[in-house]
Every structure is written in structure tokens, then in C-alpha cells.
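Each value in this text was obtained by applying a stated rule to the coordinates, not by laboratory testing. Every value quoted in this text rests on a predicted model; they were computed, and no experiment measured them. Every residue, glycine as well, gets a Cβ built from its backbone with ideal geometry; the counts of neighbours run over all protein chains shown.
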Number of protein chains: 2
Amino acid sequence: MTALAQPETKFTDELACAANEMPCARERLLAAAREVFAESGFRGATVRAICRRAGVNVAAVNYYFNSKEALFSAALDFTPLNRLLDAENSPACARARLAGFIRELLTHLISTRGSQKSQLLMHELLEPTLMLDEIVRDVISPLHTHVGQLVRAIVGPDIAPETLRRCVFSILGQCTFYRHSNEVIRRLHPEIPFDEEEIARTAAHIAEFSLAGLDRLAQPSAGPETRKP
Amino acid sequence: MTALAQPETKFTDELACAANEMPCARERLLAAAREVFAESGFRGATVRAICRRAGVNVAAVNYYFNSKEALFSAALDFTPLNRLLDAENSPACARARLAGFIRELLTHLISTRGSQKSQLLMHELLEPTLMLDEIVRDVISPLHTHVGQLVRAIVGPDIAPETLRRCVFSILGQCTFYRHSNEVIRRLHPEIPFDEEEIARTAAHIAEFSLAGLDRLAQPSAGPETRKP
DNA sequence: TTGTAACTCAAACACGTGTTTGATACGCTC
DNA sequence: GAGCGTATCAAACACGTGTTTGAGTTACAA
């Protein structure tokens, strides 16, 4: 009833809160929400689990955000992954830039830090909320566009749009496989360490594998369906 | 209390049930469970939703299966995807067999029929239950082994195990991308029809793209990192 | 007809969920 | 100190969950 007027007058300035030594309840709530939502998705996450991790009372969620859904929206910070995109100013050639992008993306997908976002994305892929549209628009779409530009720079401007799109999917699919099928890989090959060196080797393989595919598309040779050994 | 002794004496012979014109409650329950579990995963699925779709009372689940979890186990029929593997007797060469496999897998992943299993697998990848170990052992592992044999037949027996493994991941990753990122693709490219012809074209692209990668691995040329345009 | 077993059902149970409430403590101005 | 807004809390609320119960119905044999 009277809940609508509450949150506006409470803590509009987050800097005043962050100035304290220990983060205030609202900030701890946001941090905990990011963790729990990434682990369990929107439906699977419970406000009690979030509040327990934040060390606040259950009522704090509705006190600061009015609802679990509003907390979900407020907790997401889907700023574009600029670190993956700012290679445009890089002087390297397109082939090297693609290899670097693959390595950065793979690191982001596998590392425990960046995996928080991609973990949440996986939940959204299975049970989309309204948030998915925003994620696709602000994060995923720039990624696809960037890879598409790299592919076009490598194979030439005459590539058909469908072919370009499929090449982007092929490259991104190889990378995202290591996150989506992570539980499968760990069961099939428990010996893989997935440390920094393994990630680098894997990224190098994906880059080499993909550049070979792009090179074959670049040369207008005979169709592959009729190829015989 | 007395529930343990019940289900053994009830309906051990499913054929007697299937002989009727309309499937009995137990069979309808299993069919509905397969649908709802695939849509929502184990946690997201509710016994009331399953029973509503099956047209039976809520008590039927515990009457026939003792628990929601037992219904989950009974509903899963993860027989190996033999249709994807029986190409071993096929006389075609390894390259053509790989292309055929990719097309079959892609059809299975995208088609609404086969997607029931892969949809459930996606839920298991996010929130693994004990069922995932069984799925990996009986379904996923044979798939990886089969692709590994095809890759080895194409690039030769001298390929390093890590390289072989990464090639398998690259091929499967390109295919599974169309399922895992289905919601992203539909938002980025709503114009794609994904009918039979589109699937065939996509499969042909993945096969060509992958064969180019395998061919480059087969020829022990210079490393790709030092390549310049 | 009677008895027995399999089956079905509405209702209830115990518990977890998001949300609300009323009270209490803190920090501030007057 | 009085007054007031902010913040925190335990407790309760309404509802959805898996599960159980006890009565009712059906089918078939004695």
C-alpha cells in the first residue's frame, strides 16, 4: 500500500554509502544478489539466501528495492564487455586480433570472476526473463558485431551475410562450449587443469582452427560437398 | 510408512497397460513428466503441473512412483543416440561421415522432438543432479568418442590426444551453439527460419569449416601465431 | 452378494517461498 | 530531552510446494 513512496527517499546517492569503510546493507545486498542470482538464476535464488549471504534481515530486500524482481534488475550491471571490444584501436592485423579476442573471451568465460555474468546468462538462456533482451542488446550483440567485423576483414568484403553470420557462430560456439558444457568436460576429462596455460593453448587451437575455416571460405574453390578423399 | 511396499504390486507390466486404447494413468504421467521436466528442469517442474498435463490427480505421482525424484528417474530414457552413431557400418569415407554426423546432430538439437532430451541436458548442465553422470556416461561420452574416431580417421593416427580432444570440442561446440544460444540467435536474427533447408545449409557450413581446420592440423606447416597477412 | 485389491480423488499436512507488519534502536535537528 | 526520519529486526502473512490421508469408486473372483 504505502510501499511505493518509500525507496525514493532512502538512499539515492550510493557514493555516500560507499564512502564508509564497510559497505552498507544496501551495497552488501547488491553484491550478494549478484552472486546468488548467478549461481541459481532468478527463480532458483531465494531472498533468504541472498540476505543470509549479505548478513542482513529478510525484510531488507523489500525495504530497499520493494521486490525480489527489482533487486534482480538493480543487481545486474551488464555494461558492455569493452575489454573484449577495444581491440579496434589495436594496430595488429585482423588475424592476430581475432586470436587475441578468442583468448580474451575464453579467459572471461572460464575465469571465476567473469563467469558470474555468463553463468547468469546461461540461466537466462534456459528461462528467459525480460532481462535477456537487455543483455542481448547491450552485451551479446556488440560481441557478434565485433567478431563479424574481424571475419569480414579476414575473408574480404564479398562474403555473403549468411556465411558471415555462420562463421561468427562457429567461432563463438567453439568458445562458449567450454562454459556451457563445462560440467560435461569435467566428467569426461577430469585431468584437464584449466589454468592460464591450458586456456592459452585452447584459445590458440580455436584461433588456428577457425582461421583455417575462414581461409577456405576466402578461396572460391570447389564446393566441399563433392569433395572425395 | 506403508508406502514402500506399494508400487511393486501395482503395475510391473507396462505392456498390459499399453495394450489399452488410451494410455493408463501411469503412462500418461511418464509422458507428461518427460515434457515438463524438459521444459523446466527438475527443480522448476512441479508435480501439480505434471499431473495437470497428464490429467490425473496429484496423489498419483506418489501412488505410482513414491516421490517426485523417482518419477524423474523413471521418466528419463537416455538410450544412446544410436541413430547418430550407427554410421560406423556406413561405407562412406570419414569426411562424408563427419558431414553426415554433423547434419544428424544439428537436426537432433534443433528439431522439437529431439530437443526434449537436450533441453533437459541443458538444465542438468546448470543444476546437475545425479542424473547428469548417467547422461554423460550413456549418451554424451559415446558421442565424443565417435567424433574422436572420425577426426582421427581424417587427420591421421599421429594426432596428439590434447589436439584430438580440442578438435572434438570445436566440432561439437559449433553444433551445440545453435541449441544453447537459441534464444540469443532468435533475438539477433529473427529472420532465420530454421527449417530443414536452413539446418542442411548450416550443417554444410560447419562441416566445411571444421574440415578446413582438420586439414590444417593434418599438414605439419608453420605455426599460426607467426602468420602475417 | 460379498470380499478384495487396484485405483482415484478432494482435502489436509508440513514446509519453503516472497512479502508485510509492528516494534525497536540509532542519528540528527530543534 | 522531544521529535523525526532512517534502519534493522523477529514475527507473521498468504501462497505454492511435495507429500500423505482417508474415503470413495471400479473391476473381478469367490
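Results, tabulated for the structure shown:
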{"item": "Efficiency of FRET from Cβ geometry, A:C24 and B:S141, R₀ 60 Å, rounded to 0.05", "result": "0.75"}
{"item": "Other copies of A:R201: label-to-label distances in nm, shortest first, labels 7 Å along the beta-carbon direction", "result": "3.9"}
{"item": "Partner chain coverage, peptide B:43-50 - average Cβ within 10 angstrom", "result": "1"}
{"item": "Cα-Cα separations in the range A:82-218 greater than 22 Å, expressed as whole percent", "result": "40"}
{"item": "Label point 7 Å beyond Cα along the C-beta direction, distances from A:P23 to other copies (nm, shortest first)", "result": "4.8"}
{"item": "Sorted by Cβ neighbour density within 10 Å, fewest at the top, the residues B:S67, A:S40", "result": "B:S67, A:S40"}
{"item": "Cα gyration tensor, the range A:25-91 - rounded (a/c under 1.5), prolate or oblate", "result": "prolate"}
{"item": "The range A:111-172 - Rg and Dmax from Cα coordinates, angstrom", "result": "14.0, 40"}
{"item": "Centroid-to-centroid separation of the range B:103-180 and the range A:71-148 [C-alpha atoms, Å]", "result": "24"}
{"item": "Pseudo-label separations to other copies for B:N66 - Cα-to-Cβ vector, 7 Å, nm", "result": "4.9"}
